[in-house]
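Worksheet for the structure shown next.
The values are calculated or read from the model by the stated rules, or taken from the named source; none is laboratory data. Everything numeric here is computed off the predicted structure, so don't read it as measured data. Every residue, glycine as well, gets a Cβ built from its backbone with ideal geometry; the counts of neighbours run over all protein chains shown.
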Amino acid sequence: MCALGLLLQAGSCALVAGEAIRAFCVDFNWGPGGPNGFAPPGLWADANPEEHLVWYAGLGANVIQTFAVSANGYAWYRGGKVPAQPGLRQDFTPRLVQLGHARGMKVMGYFCVAANTRWGKEHPELSYGTPATFHLPLTDAYLDYLAEAVADALQKTKMDGFMVDWLWNPSDEVRKQATGGKWLKAEQELFTQLTGKPFPAGGQPSPEDRLLYEQKATERCWRRIHDTAKRVKPNCIIWLSCHDVRSPHFLNTSVFKEVDWLMDESGTPKALGEVAPRLGPQARPILCLVGWGDRHDARKVLTDPANRIYGIYGFSKPGTNSLPLPIADYLGKPMDSFYGNDRNIAALARWFNAKPFDYFGLAR
């Protein structure tokens, strides 16, 4: 049963009013063997949702971020409009949602906007190849696919909402690698469609026109995601992960005003504070403190009382058994016996379980 019995709607668990977001993701996006740095289709298809639920609960998380569709373009549920991960042993996300709700936890899915290996391979004329970076222009055809995938996943998995990652336009780097810097014909046409200006004969828009194009493309993509999700499940949570919340890319759009949760992926409290006036009253700000090895010092950020206004998030590549180290290891050894990402996970395990950072003993 959901904490205090508060329900957003039937089958959807609510965080208690004022309860801090304690979120984590065992990140199926990344892994060896893929063609571009993303996990190949079917890696971790044998992941056990019961084992994952136990791990998240032991960590002390109240929000599980898992996957609707990962960046390789395959889904983590069966029978949907997007092909499932090959060899998917269980109906992973629907089962994890069911288990998480029984524990009073929220379970969130995931969509990567600017990269999708499967879709890019199937639509080469609409993609700058399939590198593990921003390779998809936000064309009509792609937005139709994305909206259909969002609606389908919300209906099939019963998840509480989803993370929107990589809400960006193609990068100059990917254009240079794929076409020597030229824009795809489809993206040139999209530029004209959105700005009302002919695509420059010289091949490159001015900085001002490019920013206008990117803002309009971002707004249009956001409208499809937001309006589709809220139509299918009005109380679903749309969670934007953003590595640069200060980017002008989001100015003159409705993204920050309408988003339910906004996460600064760089884990920078100062940056979140700067954009706070642009957020809507419903928005909850989140810091990503785990996932980048030694780039963050989670303990240092968490011990600053000024940062208690933020939800906290971390992620980790799966281990060979599809999970990080056992929670008993993280809580049973001193924090300083770990290195890199594991040290930060050990910090979260203590923070999420209301333990002091010098605690080590038996995992509860």
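I'd like to check something: does the range 213-226 contain any residue that is charged (D, E, K, R), touching a Lys or Arg at 6+ places or on another chain (Cβ under 8 Å), under 26 Å from residue 131 (Cβ atoms) and modelled with pLDDT of 95 or more? Scanning the range 213-226 turns up no residue that is charged (D, E, K, R), touching a Lys or Arg at 6+ places or on another chain (Cβ under 8 Å), under 26 Å from residue 131 (Cβ atoms) and modelled with pLDDT of 95 or more. Of all residues in the range 174-200, those that are under 21 Å from residue 117 (Cα atoms) and in contact (Cβ under 8 Å) with a residue 60 or more places away in the chain have Cβ atoms under 7 Å from Cβ atoms of residues that are in a loop (DSSP other than H, G, I, E, B) and not hydroxyl-bearing (Ser, Thr, Tyr), 6 or more apart or on another chain, in 186/137. Cβ separations smaller than 8 Å between residues 6+ apart or across chains give no pair from the range 50-66 residues that are closer than 18 Å to residue 325 by Cβ to residues that are surrounded by fewer than 24 Cβ atoms within 10 Å (Cβ to Cβ) and acidic (Asp, Glu). Of all residues in the range 342-360, those satisfying the criterion of being farther than 13 Å from residue 302 by Cα and in contact with an Asp or Glu (Cβ under 9 Å, 6 or more places away or on another chain) are 342, 343. When the range 132-156 is filtered for residues that are under 20 Å from residue 214 (Cα atoms), touching a helix residue (DSSP H, G or I) at 6+ places or on another chain (Cβ under 6 Å) and touching a residue at least 60 places away in the same chain (Cβ under 8 Å), the ones remaining, listed by number, are 137, 138, 143, 147. Within the range 157-168, the presence of at least one residue that is of a type in the set (Val, Ile, Thr), in contact (Cβ under 8 Å) with a residue 60 or more places away in the chain, over 15 Å from residue 143 (Cα atoms) and surrounded by 18 or more Cβ atoms within 10 Å (Cβ to Cβ) is confirmed. How many residues are surrounded by 15 or more Cβ atoms within 10 Å (Cβ to Cβ) and of a type in the set (Gly, Ala, Ser) when one looks only at the range 202-246? Of the residues in that region, 3 qualify.
Filter the range 91-119 down to residues that are of a type in the set (Val, Ile, Thr) and more than 16 Å from the chain's Cα centre (by Cα) and give me whichever is farthest from residue 159 (Cα to Cα). Among those that are of a type in the set (Val, Ile, Thr) and more than 16 Å from the chain's Cα centre (by Cα), it is 117. Cβ-Cβ distance below 6 Å, separation of 6 or more or different chains: which pairs start in the range 262-286 with a residue that is within 18 Å of residue 22 (Cα to Cα) and end on one that is in a helix (DSSP H, G or I)? Every condition considered, the pairs that remain are 264/271; 264/272; 269/307; 285/272. When the range 40-99 is filtered for residues that are in contact with a Leu (Cβ under 8 Å, 6 or more places away or on another chain), among the aliphatic types (A, V, I, L, M), surrounded by fewer than 20 Cβ atoms within 10 Å (Cβ to Cβ) and more than 28 Å from residue 119 (Cα to Cα), only 99 remains. Cβ-Cβ distances below 8 Å connect the following pairs, each with a first residue in the range 329-349 that is closer than 13 Å to residue 294 by Cα and modelled with pLDDT of 95 or more, a second residue that is in a helix (DSSP H, G or I) and β-branched (Val, Ile, Thr), and a separation of six or more residues or different chains: 338/345. The residue pairs whose first member lies in the range 18-33 and is without any contact (Cβ under 8 Å) to a residue 40 or more places away in the chain, whose second member is surrounded by fewer than 20 Cβ atoms within 10 Å (Cβ to Cβ), and whose beta carbons are closer than 9 Å, counting only pairs six or more residues apart or on different chains, are 32/40; 33/40.
Can you name every residue in the range 303-315 that is out of contact with any Lys or Arg (no Cβ under 7 Å at 6 or more places or on another chain), under 20 Å from residue 340 (Cα atoms) and buried (at least 20 other Cβ atoms within 10 Å of the Cβ)? Scanning the range 303-315 gives 313, 314, 315.
Taken over the range 313-353, the residue count meeting the criterion of being over 25 Å from residue 239 (Cβ atoms) and either within 19 Å of the chain's Cα centre (by Cα) or β-branched (Val, Ile, Thr) (or both) is 1.
Small (Gly, Ala, Ser), closer than 24 Å to residue 50 by Cα and buried (at least 20 other Cβ atoms within 10 Å of the Cβ), is that true of residue 328? In short, no.
Considering only the range 280-299, state which residues are surrounded by fewer than 17 Cβ atoms within 10 Å (Cβ to Cβ) and either among the acidic types (Asp, Glu) or more than 30 Å from residue 342 (Cβ to Cβ) (or both). Scanning the range 280-299 gives 280, 281, 282, 294, 297. Could you list all residues from the range 22-36 that are modelled with pLDDT of 95 or more and within 26 Å of residue 107 (Cβ to Cβ)? Correct list: 22, 23, 24, 25, 26, 27, 28, 29. You will find that of 87, 104, 109, 80, the residue that is free of Cβ contacts under 8 Å to residues at least 60 places away in the same chain and part of a loop (DSSP other than H, G, I, E, B) is 87 and no other.
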